[in-house]
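Values quoted throughout were computed directly from the atomic coordinates according to the rules given, and no laboratory measurement underlies them. The model shown is predicted, which means the values in this text are computed figures rather than measured ones. No Cβ is skipped: glycine too gets one built from the backbone with ideal geometry, and neighbour counts run over all protein chains shown.
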Amino acid sequence: MMLAFDLTMPGRSSWNGAWSGDDVSHVLIRAIGRSERERAAALLSHHTYFYSWPDGWRAAVTVREVTASEAKRLRRTSQGFCGYDWMVDSLLKNGRISPAEEEA
């Protein structure tokens, strides 16, 4: 099973209300083993997860199941996850996006 995590920034407190990554794809692909399928099903049932910073910025991570060929295409077109891989790690570990200091 392959999961695709799509990153967007629906809440932007920048001077022009934009995010420099708006016009490109930010996708992270993760292979899910048999032992993790229950957690993956729970993530898929919720679909979109949000994280807010105190400065007004807000991230959204959408999760969906993809085929191997779709995962390959998404990897080619993605511009990376902008250093927010920790959000996906948190979702897979905790079922929610929580700051790194909470997970310690």
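Going from the fewest other Cβ atoms within 10 Å to the most, the residues VAL24, VAL88 appear in the order VAL24, VAL88. Multiplying the residue separation of LYS93 and GLU65 by 0.36 nm and subtracting their alpha-carbon distance yields 8.3 nm.
Summed over all non-identical Cα pairs, the Kirkwood treatment of the chain gives a radius of 14.4 Å. From the square roots a ≥ b ≥ c of the eigenvalues of the alpha-carbon gyration tensor of the stretch 1-51, which class results: rounded (a/c under 1.5), prolate (a/b over b/c), or oblate? In terms of gyration-tensor shape, prolate.
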